[in-house]
Every structure is written in C-alpha cells, then in structure tokens.
Amino acid sequence: MPEFIDLETLMSNFAIPWGINIILALGTFFVGRWVANILLRIVKKLLGRSKMDVILVNFVVPILHALLLLFIVVAALDQLGVDTTSLIALLAAAGLAVGLAMKDSLQNFAAGVMLIIFRPFTAGDFVEAGGTAGVVETISIFSTIMRTGDNREVIVPNGAIYSGNITNYSARETRRVDMVFGIGYDDDIRKVKQLLGDILAADERVLKEPAAQVVVGELADSSVNFHVRPWVKCGDYWDVRFDLTERIKLAFDDNGISIPYPQMDVHLNKTPTSTSATDPAPG
C-alpha cells in the first residue's frame, strides 16, 4: 500500500512554500509592470522636454519597454525558483537562431538604428527613398511610414531606404524651379526674354535672392528653348510651377509668340517609269 502523506506535511513542505512563491512571482510581475509604465511615462516626458525628435522618441520607447518587460519576466521566474541562468542562455541561443532565420528583419532593424542616428530626414520631410516619394510620418523599428501626395500610406522597409539613395526635398528652405519653354525661330528672343522676366518679377513668391535665370539654353531642331529657373520656398514649389506655366502660356498667346511642336518635312521625288523592252513600239 502507498504510504499515506500527512496533510500537514504536504501543506508545510509544498503548498505553502509554492503558494508564497507564486504570490511573490505574480506580485513581482504586476508591480514590475506598474513601475515600468511609470518609468516609460517619465522617460517620454523627459525626452519631450529635451525637444528630441518625435521619431527618435517613438523609436527608443518601444525598445526600452521590451527590455524592461524581459527583466520583469526573468525576475518573476526567479521568484518561482526557476534557474534564470539557464533560461537566459536558452533565450540567447533562441535569439541567435531567430536572428539567423530573420536576417532581413535584423537588416531593417539595423537600418532603422542608422536612420535614427544619422537622421537623413525627420518627421514631416518630403523625401524620395526606397522607391517611394512622400511625407515621412513615423520611423518604427523595422519600417518607415510615408504618406504620398494622393494620401496613400506606404510602409517602406528601413533596409530598402538605407541601402539606396535618399532625396530629401525638405532639407533646404529654398528650391529652384526648372522649366523649359520653346519659341519659334521667327519670334523675337529679346521680347520673349523681357516678357518672361516681367512674369517672374510680378510673382511675390519668387525670391529675389538667389536671382532667377532666364536664358536661351538650346537651339533645338524646331524651337529656341528658354530655360526659366526661379528660386522659391520649398512649400511654394508646386504652386509656383503650375501658376507660371499657365501665365507664360497665356502671355505667349496674347503677344503672338508661337510654341512650335516637333515636325518633319517629307519630300517625295517621283521617278518616271522606264519603258520596258517587251512593250510594243508605238505605231
């Protein structure tokens, strides 16, 4: 017959110690989470007061939260008597295996860290990177969220951004508008140059410094091409470009200035038909 286990012994040797350990572990976990949330709020406030970039705050806080949560879980397991040294070694080995299996994700993570450190762009910048052009909204651990001009949300992996060229259209306060207008060879280029200069001078959005350029840039096959290059603030770029294109076309129409289109003259030479030797001779 199996030996009868005394209830008092069971309670004193197993139930009470394990119960205390479970309560301590749960207390460690919940109190630790509460303390971690308080620390995260304090860190957010400190980072906000330091005028740190919002992207950097959103990048650092989730990483800090994950590290604190891992520390809390390990501390709770230690209260249960789990060998945390072996657990940490197991987690390290599992992390290595997961890292090898998720090398692309780790590449995106590393690229995200580099984007945060070197900051080629920040929130609100209009950039062209990773095959997408749009306004940067947030940089997360693995990807960057961009909003295109037609209000689409595009999620671009950080690795694709950092491994290619990054064009930041908002990095400078001013930007040059490059436009080309062709006129006919019979038109007066002096008159056209004066007309283009007056149109630019009448637009208050065109900056005085640097000075705008109006030059004859090319004698093309069917037109004389003027290069018009005013400087504007970055925020006015597209409005100025669209408005100037319309005003210049209307001004050309009002002043009888032609805008030629490519054309080709085809000359047909008719060769007289030779008389065949088999044809009958005239009577």
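The values are calculated or read from the model by the stated rules, or taken from the named source; none is laboratory data. Computed from a predicted model, the values in this text were never measured in an experiment. A quick note on method: Cβ atoms are made from the backbone with ideal geometry, for glycine too, and the neighbour counts reach across all protein chains shown.
Checking the conditions here, which among Gly112, Gly131, Gly164, Gly182 is surrounded by 15 or more Cβ atoms within 10 Å (Cβ to Cβ), at pLDDT 90 or above and either over 12 Å from the mean Cα position of the chain (by Cα) or not hydroxyl-bearing (Ser, Thr, Tyr) (or both)?
Result: Gly182 is the single residue among Gly112, Gly131, Gly164, Gly182 that is surrounded by 15 or more Cβ atoms within 10 Å (Cβ to Cβ), at pLDDT 90 or above and either over 12 Å from the mean Cα position of the chain (by Cα) or not hydroxyl-bearing (Ser, Thr, Tyr) (or both).
Of all residues in the range 159-197, how many are in a strand (DSSP E or B) and either basic (Lys, Arg) or within 22 Å of Ala129 (Cβ to Cβ) (or both)?
5
It is to be established whether one or more residues within the range 141-156 are assigned to a loop (DSSP other than H, G, I, E, B), touching a residue at least 24 places away in the same chain (Cβ under 8 Å) and not assigned by TED's automatic domain parsing to the domain that holds Val232.
Yes, some residue in the range 141-156 is assigned to a loop (DSSP other than H, G, I, E, B), touching a residue at least 24 places away in the same chain (Cβ under 8 Å) and not assigned by TED's automatic domain parsing to the domain that holds Val232.
Is it true that Ser140 is of a type outside the set (Phe, Trp, Tyr) and at pLDDT below 90?
yes
So if I check each of Ala123, Ala133, which one is assigned to a loop (DSSP other than H, G, I, E, B), of a type in the set (A, V, I, L, M) and over 21 Å from Arg229 (Cβ atoms)?
Of Ala123, Ala133, the one residue that is assigned to a loop (DSSP other than H, G, I, E, B), of a type in the set (A, V, I, L, M) and over 21 Å from Arg229 (Cβ atoms) is Ala123.
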